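S.K.: Quick one: this structure, given as structure tokens, is what I'll be asking you about.
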Amino acid sequence: MWPDLIKKAKEGGIDAIETYVFWNAHEPVRRQYDFSGNNDLIRFIKTIQSEGLYAVLRIGPYVCAEWNFGGFPMWLKNLPGVELRTANTVFMNEMQNFTSLVVDMVKEEKLFASQGGPIILAQIENEYGNVISSYGAIGKAYLDWCANMAESLDVGVPWIMCQQNDAPEPMINTCNGWYCDSFTPNNPNSPKMWTENWTGWFKNWGGKDPLRTAEDLAFAVARFFQFGGTFQNYYMYHGGTNFGRTAGGPYITTSYDYDAPINEFGNLNQPKWGHLKELHHALKSMEKTLTHGNITHVDMGNGVTATTYATDETTGCFFGNANTTTDATVAFLGREFNVPAWSVSILPDCRLEAYNTAKVNAQTSVMVKKKNAAESEPESLNWKWRPENTDETVVLGKGHLSLNQLMDQKMINDVSDYLWYMTSVNIEDDDPIWSRDLSIRVNGTGHILHAFVNSKYVGSQWAGYGVFNYTFEKKVKLKPGKNQITLLSATVGFQNYGPYFDTIASGVPGPVEIVGKKGDETIVKDLSRHKWTYKVGLHGEEKKLYRLDSRHASKWQADNLPVHRKFTWYKTTFKAPLGTDPVVVDLMGLGKGHAWVNGHSIGRYWPSYLAENDGCSLEPCDYRGTYDNNKCVSNCGQPTQRWYHVPRSFMTDAENTLVLFEEFGGNPSLVSFQTIAPGTVCGNAYENKTMELSCEGRPISAIRFANFGDSNGTCGALVTGSCQGRNDAISIVQNACVGKESCSIEASEEVFGSTNCDGVARKLVVEAVC
Ligand code: GAL
């Protein structure tokens, strides 16, 4: 996907691509490195270079990023004597080893700008300033060490530290956030830089879809440049997918769409992409003025500001209105300009408005999913299945390792989501607890727990995003003598943020107890210090059932396909949908688990986890006012994530295989492969602007609506207002657009005829079918 995504970014007016470097992807086992395939960092940077773009390398190597354990490899946590993100020699040696390895690789390929390459900035650490106070004086020593270590690597480009207002020289501190116009770097000679302009927000299991409007995002960018900004990076411009077990959290979804300008699947998120493209164009048209001009601000009161950038030859203006409700009129050089509430107007020559952040001229695209239309694909998929073999664990309680304590799940180096905890308890019928109502009680850390007693499943519990523990309690039937207790813990991504995030417990910390109640009296038997036996991972993971070359391919059965059966493996084959549109698999009907296509993990799935059911509005979101991730949410009460991205590069033209491990129990009969592409596109252009429409590579097939005047409504439900031009507007647009992949039309009286509506802001609005 890289070349296409980078091309789309370039076309959107982006000139640098920023990326993190994920330590746990590249050094999964200590001193065993992986820079192959999707981990080929050098190839990624070279792909950026070949498009003629710059690169920003955020090495970290702590990166946060809603990425598993913030990017730290789990073996690092398990090194004797280590303490992470602080002045600890074990940690610092490892951090230096990895950082210098990356720098050396990049240098060898001459990829730093100082060597003629594309990398113009490098980052060390990540937002340490947000947590430094929790580490006390030693945190400051670590910060200084980071700066010196980075500096010693001699990369020849500036180093940045984001959210670090005490960054030691010559590190440059940069801003992260939804708005950074009022940020000032700690050194007045440093450029004002914004490393993360959050284009939306991430999603967690059980959470709603966060959306940030194009108008507000453009407002934040324009305001940043109005107030002296020099470098602004979108986080994310393309967020993509947390494949495999890379999602952090706990409870970050597989999708990392982020409502970014290029969506998870690589389609343009319109109008956001297009509205920003126009903004970039307007800013670049005044590049000379912005980079060489002197700035003058005039505060006009009520949140209104007029800013002039002036060189000897040129002037450029920004008129900003940060008032959330009141539109403003700015009088400047004898002219009057209307600046809507919560917007910025850009006038590259201080005379004509080239751009206003609240006036969207870009098209809106409504995405549609279509069922797999591959030839000879049957209506529904043919499934085979096999049970996860739990004989050893659930029945016999056998494992690889025993300890007289409950262990933290991080100790298994994160080779699987799953860890079995097994013990037994003897209860004779003369035990005082015997005659009572018995329950098992488990203190869990917030990840998922499944409990079995005497080979019977007794129940499950999990906590959810931002909840760090819970107590599971369930009535059980015990028998006199030995009782087998088996607990399966399943992690859903390790914590990636916060002071000492790496010390947060995972798995089953205990206590694990048998509780006997009679009336008000309770007797507790604590099993926490019993002999616990452990088994890492699933039987099916060990046998690599998800791989095409698995030697255990024969044991799948075709009949008696179970539904809603826990711990079940399912397998089917399918043809890749025809064409080149991105492909998703609809996992509606399934519970929770993990999915693989041709052996490639497409991530954890959990369609049965519904998003919270409050806070969504049917009204279009008001872009005015300060944004945060609770504003403009959608998808209330729906599966948090129903569709899962299957990159075309994971599929072949021949037969493909989908394997699911279903942990909770589900019904695979509704599963289908679909393509995703713009279905309806709506053009919108203010008078004397050009309306551009595109179906992203496919022909426009019909025009449903066209009006030059004051139409209203949203794409898919447009209505004419009281003002309109020629009544054959539709056929004018049909002639210009139908059958073409893209078209452009002037929104003007010359094309659409005069209207009888003075004082109305006229727009050309079109709805087309792809
Ligand atoms: C920032 C962090 C990023 C990412 C972002 C939220 O604080 O630097 O890595 O986690 O928050 O998406």
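Where a number appears in this text, it was derived from the coordinates with a stated rule and is not lab data. The structure presented is a predicted model; accordingly, all values stated were derived computationally and were not measured. Quick reminder, even Gly has a Cβ in these numbers, built from the backbone with ideal geometry, and neighbours come from all protein chains shown.
S.K.: Using a/c under 1.5 as the rounded threshold, could you call segment 350-430 rounded, prolate or oblate? The axes a ≥ b ≥ c are square roots of the C-alpha gyration tensor eigenvalues, and prolate needs a/b larger than b/c, oblate otherwise.
M.R.: Values: a/c = 4.56, a/b = 1.96, b/c = 2.33.
The shape class here is oblate.
S.K.: With only Lys, Arg, Asp and Glu charged, each at its Cβ (+1 for the first two, -1 for the last two), find how big the charge dipole of the chain is about the Cα centre; round to the nearest 20 debye. Intermediate values should be presented prior to the final figure.
M.R.: Details: 69 positive and 84 negative charges, 481 e Å.
Its charge dipole is roughly 2300 debye.
S.K.: Multiplying the sequence separation of T314 and S182 by 0.36 nm and subtracting their Cα-Cα distance, what value in nm do you get?
M.R.: Values: separation 132, 0.36 × 132 = 47.52 nm, distance 2.55 nm.
That works out to 45.0 nm of additional length.
S.K.: Along the charge dipole of the chain, pointing to its positive end and built from +1/-1 on Cβ of Lys, Arg, Asp and Glu, which listed residue (G493, Y20, Y179) has its Cα farthest out?
M.R.: Checked the options; the winner is G493.
S.K.: Give, as ranges by residue number, the residues of segment 737-770 whose backbone N falls under 14 Å from the point 7 Å along Cα→Cβ of S722.
M.R.: Of the residues in segment 737-770, 756-761 have backbone N under 14 Å from the label point off S722.
S.K.: Another one. How many angstrom lie between the C-alpha centres of segment 383-427 and segment 525-542?
M.R.: Each part's Cα centre sits 4 Å from the other's.
S.K.: Give me the net charge of I700's neighbourhood, meaning all other residues with Cβ under 14 Å from the Cβ of I700; Lys, Arg count +1, Asp, Glu -1. Numbers along the way, then the final one.
M.R.: Working: positive: R698, R704, K740; negative: E692, E696, E741, E767.
Summing Lys/Arg as +1 and Asp/Glu as -1 gives -1.
S.K.: Could you tell me which of the pairs K203/K566; K398/K479; K479/K566; K10/K763; K571/K592 are separated by over 22 angstrom between their Cα atoms in the structure shown? Each step should come with its number before you reach the end.
M.R.: Numbers: K203/K566 26 Å; K398/K479 20 Å; K479/K566 25 Å; K10/K763 28 Å; K571/K592 15 Å.
Result: K203/K566; K479/K566; K10/K763 exceed 22 Å.
S.K.: Once the dipole of the chain is set up with Lys and Arg at +1 and Asp and Glu at -1 on Cβ about the Cα centre, which of I48, T241, L217 lies farthest towards its positive end?
M.R.: With unit charges placed on the Cβ atoms, the residue in question is T241.
S.K.: Hey, rough spin-label estimate for L610 and S134, points 7 angstrom out along Cα→Cβ, what's it come to in nanometres?
M.R.: Computed distance between label sites L610 and S134 equals 3.4 nm.
S.K.: Here is a follow-up. Measure nothing but the geometry: give the 0 to 90° angle between the long axis through the Cα atoms of 41-50 and the longest principal axis through the Cα atoms of the chain, rounded to 10°.
M.R.: With rounding to tens, the tilt is 10 degrees.
S.K.: Under the Cβ-under-4.7 Å rule, which cysteines of the chain stay unpaired?
M.R.: C64, C146, C162
S.K.: Net charge within 11 Å of G753 by Cβ-Cβ distance, Lys/Arg positive one each and Asp/Glu negative one each, not counting G753 itself? Let's see the in-between values first.
M.R.: Details: positive: R726; negative: D728, E749, E750.
Around G753, the charge tally is -2.
S.K.: Treating only the Cβ of Lys, Arg, Asp and Glu as charged (+1, +1, -1, -1), what charge dipole size does segment 1-177 show about its Cα centre? Round to the nearest 20 debye. All intermediate terms of the calculation are to be shown ahead of the outcome.
M.R.: Details: 13 positive and 21 negative charges, 54 e Å.
Dipole size: approximately 260 debye.
S.K.: Let me ask something else. So how much slack lies between D327 and Y457, counting 0.36 nm per residue of separation and subtracting their Cα-Cα distance, in nm?
M.R.: Working: separation 130, 0.36 × 130 = 46.80 nm, distance 6.27 nm.
Full-extension gain reported as 40.5 nm.
S.K.: Helix 2-11 sits at what angle to the longest principal axis of the chain, using alpha carbons and giving 0 to 90 degrees rounded to 10?
M.R.: 30 degrees
S.K.: FRET efficiency for A761 and L561, Cβ-Cβ distance as r, R0 = 41 Å, nearest 0.05? Before the final figure, lay out each step's value.
M.R.: Numbers: r = 60 Å, r/R0 = 1.45.
It comes out at approximately 0.10.
S.K.: Rounded to the nearest 0.05, what FRET efficiency do Q115 and E353 give with R0 = 45 Å and r taken as the Cβ-Cβ distance? Could you check?
M.R.: Values: r = 42 Å, r/R0 = 0.94.
Computed FRET efficiency for Q115 and E353: 0.60.
S.K.: Let me ask something additional. Near D581, within a Cβ-to-Cβ distance under 13 Å, what is the net charge of the other residues, with Lys and Arg +1 and Asp and Glu -1? Can you show the working numbers first?
M.R.: Numbers: positive: K369, K370, K371, R648, R698; negative: D4, E696.
So the environment of D581 carries a net charge of +3.
S.K.: Right, another one. Which is farthest toward the positive dipole end of the chain among Y686, T573, T99, measuring Cα position about the Cα centre, with Cβ charges +1 (Lys, Arg) and -1 (Asp, Glu)?
M.R.: T573
S.K.: Rounded to the nearest 0.05, what FRET efficiency is calculated for A702 and K370 with R0 set to 22 Å and r the Cβ-Cβ distance? If you can, show how the numbers build up before the last one.
M.R.: Details: r = 17 Å, r/R0 = 0.76.
Calculated transfer efficiency: 0.85.
S.K.: Report the extension gain between K479 and S731 in nm, rounded to one decimal, defined as 0.36 nm multiplied by the number of residues separating them, less their alpha carbon distance. Could the numbers behind the result be given before it?
M.R.: Numbers: separation 252, 0.36 × 252 = 90.72 nm, distance 8.11 nm.
Full extension of this stretch gives 82.6 nm more.
S.K.: Cα axis of helix 272-285 to longest principal axis of the chain: angle in degrees, 0 to 90, nearest 10?
M.R.: 50 degrees
S.K.: Run the quick spin-label model on T522 and T471: label points 7 Å from Cα toward the beta carbon, then report their separation in nm to one decimal.
M.R.: Distance between the two pseudo-spin positions: 0.5 nm.
S.K.: Calculate for the chain the 222 nm mean residue ellipticity that helices alone would give, adding -39,500 (n - 2.57) per DSSP H run of length 4 or more and normalising by residue count, nearest 500 deg cm²/dmol.
M.R.: Numbers: 12 runs with 114 residues, N = 770.
That calculation yields -4500 deg cm²/dmol at 222 nm.
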